Amino acid sequence: MSTDPKSVELRKPVSTDGARVHSLVSQCPPLDTNSVYCNLLQCSHFAETSIAAELDGEVAGFISAYRKPQQPDTLFVWQVAVGDRARGQGLASRMLFELLQRSSCQGVRWLETTITEANQASWALFRSLAGKLAAELNSSVMFDRETHFGDAHESELLVRIGPLDSERDRDYTLQ
């Protein structure tokens with residue numbers, strides 16, 4: 001079912017979104033589900049650097065992110081979730097661009113995330129983002145399958161995009 005992208009409201013999450021975010025993420029394999037408590041913290045403690053997409057009163061999309069404490073010029077995107085109803089509308093890109101334009105992301109020069117090799121949807125999203133931002137995309141192993149996951153999870157590759165344009169008034173448009 002197609003939805004009008006203009007009918008989706010992008011906003012800062014609030015603590016009452018936590019359980020709805022948890023439900024959304026659980027419907028978005030291959031994303032790892034966190035505890036509801038973790039999602040409550042993402043929606044409250046990290047609200048300034050996270051974003052909720054609301055459609056008809058439901059959380060249809062969510063990005064959890066934070067500025068790295070030892071590298072405040074780096075925004076780390078923890079998860080990107082888009083529900084079935086809102087897929088195929090460019091919502092993930094819209095959320096990322098909206099997030100980058102917030103005052104809470106002023107001074108961000110690098111965007112990082114981790115992606116497993118098999119997650120082609122995430123690779124496509126972040127490659128497209130790098131292209132639209134005219135920034136380089138580099139990747140390397142961050143958490144190794146054997147060393148960090150005891151062979152229970154695919155390796156997570158660190159994806160680093162940047163440097164981003166330092167002008168905060170840059171018009172990030174989805175062309």
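The values are calculated or read from the model by the stated rules, or taken from the named source; none is laboratory data. Keep in mind that this is a model prediction, so the values were computed, not measured. As a convention, Cβ positions derive from the backbone with ideal geometry for all residues, glycine included, and neighbour counts pool all protein chains shown. With ligands, DNA and RNA removed, areas are computed over all heavy atoms of the protein, side chains included. Shrake-Rupley method; radii C 1.70, N 1.55, O 1.52, S 1.80 Å.
The residue pairs whose first member lies in the stretch 31-44 and is farther than 11 Å from residue 78 by Cα and in contact (Cβ under 8 Å) with a residue 12 or more places away in the chain, whose second member is of a type in the set (Val, Ile, Thr) and assigned to a helix (DSSP H, G or I), and whose beta carbons are closer than 7 Å, counting only pairs six or more residues apart or on different chains, are 39/21; 43/21. Right, residue 65: modelled with pLDDT of 95 or more, hydrophobic (A, V, I, L, M, F, W, C) and open to solvent by 10 Å² or more (accessible area, probe 1.4 Å) or not? Taking the combined requirement at face value, the residue does not satisfy it.
Is it the case, given these coordinates, that residue 149 is in a helix (DSSP H, G or I), among the aromatic types (Phe, Trp, Tyr), out of contact with any Asp or Glu (no Cβ under 7 Å at 6 or more places or on another chain) and surrounded by fewer than 20 Cβ atoms within 10 Å (Cβ to Cβ)? Answer is no for this residue. Only one entry in 14, 8, 59, 21 is without any contact (Cβ under 8 Å) to a residue 40 or more places away in the chain, more than 24 Å from residue 160 (Cβ to Cβ) and among the aliphatic types (A, V, I, L, M), namely 14.
Can you say whether residue 34 is surrounded by fewer than 21 Cβ atoms within 10 Å (Cβ to Cβ) and among the polar types (S, T, N, Q), as far as the supplied structure shows? Taking the combined requirement at face value, the residue satisfies it. Scanning the stretch 47-76 for residues that are touching a Ser or Thr at 6+ places or on another chain (Cβ under 9 Å) and either more than 22 Å from residue 119 (Cβ to Cβ) or β-branched (Val, Ile, Thr) (or both) yields 47, 48, 49, 51, 55, 56, 59, 63, 67.
Those residues that are open to solvent by 40 Å² or more (accessible area, probe 1.4 Å), modelled with pLDDT of 95 or more and of a type in the set (Asp, Glu), I need them from the stretch 68-112; list them, please. Scanning the stretch 68-112 gives 73, 98. Quick one: is residue 60 buried (at least 16 other Cβ atoms within 10 Å of the Cβ) and under 14 Å from residue 98 (Cα atoms)? No.
Only residues that are part of a loop (DSSP other than H, G, I, E, B), under 14 Å from residue 165 (Cα atoms) and among the charged types (D, E, K, R) were counted across the stretch 103-146, and they come to 1. With respect to (1) under 24 Å from residue 115 (Cα atoms); (2) hydrophobic (A, V, I, L, M, F, W, C); (3) open to solvent by less than 40 Å² (accessible area, probe 1.4 Å), the lone exception for residue 41 is condition (3).
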